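Read-outs throughout are calculated quantities, based only on the coordinates presented, and are distinct from any laboratory measurement. Computed from a predicted structure; not experimentally measured. A quick note on method: Cβ atoms are made from the backbone with ideal geometry, for glycine too, and the neighbour counts reach across all protein chains shown.
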Amino acid sequence: MDNLYFLILIFILSLAFTYFMHRFFLLKSETYKLKKANNNAIRWRSQSKPVSGGFAFYSIFILSSIIYLMFFNLDISQSSNIIVIIIVATISFLMGLSDDIINTSPYFKFIVQLISAILLINFDIYIDISPNEYLNYALTIFWVVGIMNSVNMLDNMDSITSLITLTILINILATTFMIGEISNISLTIVIIAVIASLISFIPFNWFSAKVYMGDNGSQFLGILLASLGIIFIWNSNSTESYGYNSQQFTAVVLAFLIPLVDTTTVTINRLLKGKSPFIGGKDHTTHFLTYIGLGEKKAVLLLFFISIISNSFSFYVVNFIEDFNNYYFYGFGVFSLVVFLFLYINTRITKEK
């Protein structure tokens, strides 16, 4: 019970701290020049607004990690998970920040993402789905690089990344309580603090946004979601059997459904047009929802609602299903496929504006 009160206090303080931090950077954006260097790229909206959202995300992440190490565990050797996540989150944040400031090469981003994945593997945070460790390592690298780019690509319309990330983190937070938050107190504190920072960011990022999270924010959130996804979703049911574990796969797809669908859709469409998937454009699933007359707010809220449902399903799969049979697999598979087809087909039959 004492831990619960402490976690509530962490949430309230994080909410207040990051709200005033967002406000500070909004008011001081001209002074500190926290704006996108490449403001001529094709984007949904102007890139001339402050890209300081990630500063608050990262700052509260570091502060909450320090609080854990100070109050719960002074022995850093016993906190390897949080230590390596601090390391990869820091280099990912700095990589995103450098891209915001000087517009770095995609190859530089990929190298940092690859290094992040290798560091996680070195500290035993990797997808455990096969007795073949090299297969696990390869899948982990693909996952980390893929999710970091997916979250970055999802940041294509006001508030969409904040809201979708929020649903995934709440799903993971609920799972930490289900498995016993005391044994995962370090990650629980971090998750609560970042959730608070996202909530405080939404008023500044809602339509029309006054502040963006920037690549510094999306790359930080990407590596955080990739790491926590491995620990709490990928590896949630990996101890009993190896090989094709449909329960693991289903839980992951449901949790990350919106970013996976958006990235897959954009990648397929751009490759069919002979374009690079990593060049910005107005061809995301969110954009095509507005082209059919839904409007920006309704488009974002629709995907947010879908993500709430899919993450609720993912939470149920991870924590409440002991015998995951074919009925569950096909049922949740049909749901995921319907979401994908609805969003993808719309991009094929609706004319881009």
Legend entry - Length-normalised contact order for the chain - Cα pairs under 8 Å, 6+ apart - percent: 24
Legend entry - Cα centre as origin, Lys/Arg/Asp/Glu Cβ charges: the stretch 2-349 dipole, Debye: 1640
Inset, instruction - Report the label-to-label distance for residue 350 and residue 107 in nanometres (one decimal), using points 7 Å from each Cα along the Cα→Cβ vector. - result: 3.7
Inset, instruction - Describe numerically, in nm with one decimal, the distance between label points set 7 Å from Cα along Cα→Cβ at residue 26 and at residue 325. - result: 5.3
Inset, instruction - Please sort 224-233, 334-343 by packing, taking for each peptide the average over its residues of neighbouring beta carbons within 10 angstrom, highest first. - result: 224-233, 334-343
Inset, instruction - Pop out the ³J(HN,Hα) list for the stretch 298-308 in order, Karplus 6.51 cos²θ - 1.76 cosθ + 1.60 with θ = phi - 60°, rounded to Hz; leave Gly and Pro as x. - result: 5, 5, 5, 5, 5, 5, 4, 5, 4, 5, 4
Legend entry - Spin-label pair residue 5/residue 178, simplified geometry with 7 Å Cα→Cβ offset, distance in nm: 2.9
Legend entry - Positive dipole terminus of the chain, leading residue within 245, 208, 21 (C-beta point charges): 208
Inset, instruction - Pick out, from 88, 217, 284, the residue whose Cα sits farthest towards the positive end of the charge dipole of the chain, with +1 on the Cβ of Lys and Arg and -1 on the Cβ of Asp and Glu. - result: 284
